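The values are calculated or read from the model by the stated rules, or taken from the named source; none is laboratory data. No experiment lies behind these values; they were computed from the predicted model shown. FYI the Cβ positions are ideal-geometry reconstructions off the backbone, even for glycines, and counts take in every protein chain you see. Side chains are part of the model used for accessible areas, which takes the heavy atoms of the whole protein and leaves out ligands, DNA and RNA. Shrake-Rupley method; radii C 1.70, N 1.55, O 1.52, S 1.80 Å.
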Amino acid sequence: MNAKRNYSACSGCSLCLLSCPVWRSTHDIRLTPHGRAKAMQHGASANDLRESVESCTLCGACEPACPENIDLLGMVSGLRASSPLFKRRVEVGMDGVLPAPTDEISTPTILLIDHALAENPALLESIIQHFGGSLAIGVARDSGFDISHDLCDGIAIDEERLANFLSPLKTTLRVIVADGHLQHALKTWLPGVTVVSLGEALSTLPQVRQQLRDSDFYVIESVAFHRDHARLISHYDNLRLTIGCTMNLDLQRMAIPTTASARHSGKVNVDDQVRWILEGRQPSRIVVEDVADIAAFGRVTDTPVVHLANLI
Amino acid sequence: MSASRSANAVITNAFGNNAAFTCRTLNLDIPVIDIGTFPADPVAANSLQGIKRQQTNPKRWNEPVWGEFVLALRVSDVEIIEQKFVSGTFATDAGGTAYGMPHGVVIAKDAAQISTLLQAAQQYKVPVTVRGGGLTTEGESVAFGGVLLDMTGMSRVLKIDAENLSVRTQAGIFWHSLAEALRRQNLDYLSAPLNMTSSVGGTLGVGGIDVNSARLGCSADQAIALQVVTPTGEIVECSDSENSELFQRVILGYGQFGVITEATLKVRPYTPLAMHYFYYTSLSEAIADLQMLDANDVSDYSGILTMMDKVVNLLVAFDSDQRETAFKTDWLHRLRGHGEFGIALKMALYYAVHPWRWREALFLRERKNTLFPEFRRPEHMRNGKVVDRTVVFSRAVWKHWGSRQMVIPDLATSPEKFIDTVQKANLVCKKYFPHYTLYCVGIKLRADHAPHYEMSCIPPDAVTHAYGCEFEPMMGDLNADAMYSRDTLQSFKNEIYDIGVAVGASYYRFGGMMKGYIRRVFGDAVVDKHLAMKRKADPNMILNRDVIF
């Protein structure tokens, strides 16, 4: 893989627009990766691009589409980093919502949950059981919510904070991550440790795959998928062929995001996005990887919506 | 001059001395030229005095009335964006050789907004340049001052009629986005450029060629009806039966007679493609086979894509198993192309006896290794069939052909003239560039649309079919050691177009920087007729000024 390039390499082909939820919603080129890169080529400052940067959902569908291999997500976080608007911080993710089921260091696999999963202990328990129970998998006490937040906003992460966060993860064999942004960064931060998304980890389990039906509509979590698109497209294509189900993939094979769990300025209406995902489709059941998508689909359709971990 | 004749010539050399000599030739056909007297030094500092400099790009419009115009638009609630970095977004097109800055950008919202814009533009005589996907290569969608109207703001599909196989859509939509919506109903458009970010309106204005155009015609011929905002701001619905004269002018009209805001298009049931590739080392054989298939309606898709003129790929594809079977039974044995193994063997033998061309061999091998898997990406294949042909081709085109600068001169001829024309143009391309691609495809014509074709890319002598070819040199990142000046690129295009003038061809890209060819190609009578119509429809010549007139 060639090194990622910066905005200067944008030739204006517009391929990034085709899978962009903000483009689909607004049809305003200024609010797209193409618009941002071209504006920067013509001298735009971070402040000039404030509205554009705030509107981005960071779903990442633009990056695999870019033939110039531009770091389009890095471009957004870089612009956020130089904007005073994105200097706010959330509380450190020592959330204490749930006690860790086991001592973190002793389990071969550690699960890093996201906000939505933290609020759904029953689902969390189901996930733990799928991976062999609390002896096999531990839930990290420190979920790194603040670090994920800083990654999205281009804020430099405090070295000591990062070291504390990574410390228990370095001694394990595998880390399963519910947050796509965090998962992508952990792959760099934890060499030698297998880092996978929760969606990929669950959809690889035979007992989960056995419960999927050809009449299901499977909703891939977009951030983790697009961050590792070249590899994961085979995984999900194989799943689709094996099961015969349909998925939230567009014709470019990008995952159409609901944006339900994304932080953005609201240019994308989640309900409209869900309606578009379901247009022309009549599944018997909707299976989601992202916990936040359960509510998003539930608001728009009467079709049963279930998380991948709750199929059994 | 006969080769066996001797000739005498007297020349005056640069030093003013006369010198007489005899040139006795045996078998060489050397023309004898009376060189006469040398003119003044052609590269002297004063050599261009009195000669008007030829300007390729139009002069930038820049009038003080702009401020009043903007005020008038704002009063009418039309947002005009004047930030330089937004104007800069539209500073060039896919060609990347024409640069121009609009004074302001309007993002299209609806026909009423565009009507208001054009009425004000007429009143204040402000030029308006309309842009869809910006995939022009000669600066046709670049605004040299005035307003840039970004039609992609109107990108919604309005109604899909699955029963009657038609769709009504806003015209700024990319064909790919239309395909996304149609696929949900298991439908597809008929034909569209193999580029996902071509816009519907832009394509209908110039033609639109697909690998199924030999069977289904160009994209412009699939339009059933249009909503058009005329240059004076009237919002008009037109079709072959309603306001047909406007319909004739707007289709293939290079944006001169109105802004297409909505289009009703024919659609068809979606089918995956069974694709076959045949490889040739002879361009003429490949084209002859292509024309044989087209003339006999053998395949649903056909076209030629080459790696220089060394490996010529004839693509043949089918929508149905039935037609594929008939092809295999009745036509396959008549094709002279090879399979992958056959061409690899042939090329290996060729380069074994031409070892000094090892760089070329390496280039071809690298190109094969890069491109072939791209056309067979597993996620876009099902049961051996291609499920998203435009995605596959378009991604490959952008990734492996695209660069910051592109020139793609093209020629369109009647079937009879095509092989000879392509061969001549191929020699020109080869002379200028070590690495290039040639794309050829047939276009079925509609007899009832003959008025649409006047002064368009459809050559006047083509009756049932036309054939188009385009040459794309590889530049920039793809070939880092091959950077070319604009002068070289322009000379290359001119030389290709000169062939077209000589054989009576037409062109897809005759606007923008190539508009100097329009009168040579179409003749004064036709151009003056269209110019008179344009002046009547657009009294102040504000709409897409300088694109062709």
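Quick notes on this structure:
- Contact map, the range B:524-540: first residue open to solvent by less than 30 Å² (accessible area, probe 1.4 Å), second residue assigned to a helix (DSSP H, G or I) and of a type in the set (A, V, I, L, M, F, W, C), Cβ cut-off under 7 Å, separation 6 or more or different chains; pairs are B:527/B:518.
- Test set (1) surrounded by fewer than 24 Cβ atoms within 10 Å (Cβ to Cβ); (2) over 21 Å from residue A:181 (Cα atoms); (3) not aliphatic (A, V, I, L, M) - residue A:38 fails condition number: (1)
- For residue A:25, the criteria (1) at the interface with chain B (Cβ under 10 Å from one of its Cβ atoms); (2) open to solvent by 10 Å² or more (accessible area, probe 1.4 Å); (3) closer than 24 Å to residue B:106 by Cβ hold in every case but one, which is (1).
- The set of residues from the range B:409-419 being free of Cβ contacts under 8 Å to residues at least 60 places away in the same chain and either within 14 Å of chain A (Cβ to nearest Cβ) or open to solvent by 20 Å² or more (accessible area, probe 1.4 Å) (or both) comprises just one member, B:416.
- Of the candidates A:263, A:275, A:281, the single residue that is open to solvent by 10 Å² or more (accessible area, probe 1.4 Å), at pLDDT 95 or above and in a loop (DSSP other than H, G, I, E, B) is A:281.
One line per residue, one yes/no per condition, for (1) in contact with an Asp or Glu (Cβ under 6 Å, 6 or more places away or on another chain); (2) more than 14 Å from chain A (Cβ to nearest Cβ); (3) buried (at least 20 other Cβ atoms within 10 Å of the Cβ):
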residue	(1), (2), (3)
B:336	yes, yes, no
B:341	no, yes, no
B:344	no, yes, no
B:358	no, yes, no
B:374	no, no, no
B:404	no, no, no
B:407	no, yes, yes
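- In the range B:366-389, residue nearest to the chain's Cα centre (by Cα) [restricted to those that are polar (S, T, N, Q) and within 23 Å of residue A:232 (Cβ to Cβ)]: B:370
- Residues located in the range A:126-164, provided they are within 19 Å of the chain's Cα centre (by Cα) and polar (S, T, N, Q): A:143, A:148
- Residue, surrounded by the fewest Cβ atoms within 10 Å (Cβ to Cβ), within the range A:248-260, restricted to residues that are among the hydrophobic types (A, V, I, L, M, F, W, C) and more than 11 Å from every other protein chain (Cβ to nearest Cβ): A:260
- Within the range A:204-228, being over 13 Å from residue A:247 (Cα atoms) and either part of a helix (DSSP H, G or I) or touching a Lys or Arg at 6+ places or on another chain (Cβ under 7 Å) (or both) holds for A:204, A:206, A:207, A:208, A:209, A:223, A:224, A:226, A:227.
- Looking at the range B:11-130, the helices (runs of 4 or more DSSP H) lying wholly inside it that each contain 2 or more residues that are surrounded by 10 or more Cβ atoms within 10 Å (Cβ to Cβ), at pLDDT 95 or above and within 14 Å of chain A (Cβ to nearest Cβ) sit at B:84-89.
- For the condition among the small types (Gly, Ala, Ser) and closer than 17 Å to residue B:422 by Cα, residue B:525 does not qualify.
- Filtered residue count, the range A:284-310, keeping only those that are open to solvent by less than 20 Å² (accessible area, probe 1.4 Å) and in a loop (DSSP other than H, G, I, E, B): 3
- Selection within the range A:267-299 - more than 14 Å from every other protein chain (Cβ to nearest Cβ) and without any contact (Cβ under 8 Å) to a residue 24 or more places away in the chain: A:294, A:298
- The residues in the range A:62-73 that are assigned to a loop (DSSP other than H, G, I, E, B) and either polar (S, T, N, Q) or within 13 Å of chain B (Cβ to nearest Cβ) (or both) can be counted, and the count is 4.
- Failed criterion for residue B:302 (all others in (1) in a loop (DSSP other than H, G, I, E, B); (2) buried (at least 21 other Cβ atoms within 10 Å of the Cβ) hold): (1)
- Answer from B:85, B:144 - the residue that is more than 21 Å from residue B:227 (Cβ to Cβ) and in contact with a Lys or Arg (Cβ under 7 Å, 6 or more places away or on another chain): B:144
- Test for residue A:167: is it modelled with pLDDT of 90 or more, assigned to a helix (DSSP H, G or I), within 20 Å of the chain's Cα centre (by Cα) and among the hydroxyl-bearing types (Ser, Thr, Tyr): no
Let's see how each residue does on (1) outside the structural domain of residue A:228 (by TED's automatic domain parsing); (2) in contact (Cβ under 8 Å) with a residue 40 or more places away in the chain; (3) in contact with a Leu (Cβ under 9 Å, 6 or more places away or on another chain); (4) in a loop (DSSP other than H, G, I, E, B):
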| position | (1), (2), (3), (4) |
| --- | --- |
| A:22 | yes, yes, yes, no |
| A:34 | yes, no, yes, no |
| A:38 | yes, no, no, no |
| A:52 | yes, no, yes, no |
| A:58 | yes, yes, yes, yes |
| A:75 | yes, yes, no, no |
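- Selection within the range B:135-173 - open to solvent by less than 30 Å² (accessible area, probe 1.4 Å) and free of Cβ contacts under 8 Å to residues at least 60 places away in the same chain: B:143, B:152, B:153, B:155, B:173
- Count of the range B:369-394 residues which are assigned to a loop (DSSP other than H, G, I, E, B) and either under 18 Å from residue B:312 (Cβ atoms) or among the aliphatic types (A, V, I, L, M) (or both): 2
- Candidates B:507, B:484 - the one that is open to solvent by 30 Å² or more (accessible area, probe 1.4 Å) and not β-branched (Val, Ile, Thr): B:484
- Residue pairs meeting the criteria (Cβ under 8 Å; at least 6 apart or on separate chains; first more than 13 Å from residue B:223 (Cα to Cα), in the range B:237-252; second charged (D, E, K, R)): B:243/B:237
- Flag for residue B:4 being modelled with pLDDT under 95 and among the polar types (S, T, N, Q): yes
- Filtering the range B:201-238 to residues that are open to solvent by 10 Å² or more (accessible area, probe 1.4 Å) and more than 22 Å from residue B:176 (Cα to Cα) leaves B:230, B:232, B:234, B:235, B:236, B:237.
- Among the candidates B:422, B:463, B:392, residue that is out of contact with any Phe, Trp or Tyr (no Cβ under 7 Å at 6 or more places or on another chain) and either open to solvent by less than 40 Å² (accessible area, probe 1.4 Å) or within 22 Å of residue B:509 (Cβ to Cβ) (or both): B:422
- Selection within the range A:267-296 - under 16 Å from residue A:255 (Cβ atoms) and among the polar types (S, T, N, Q): A:273
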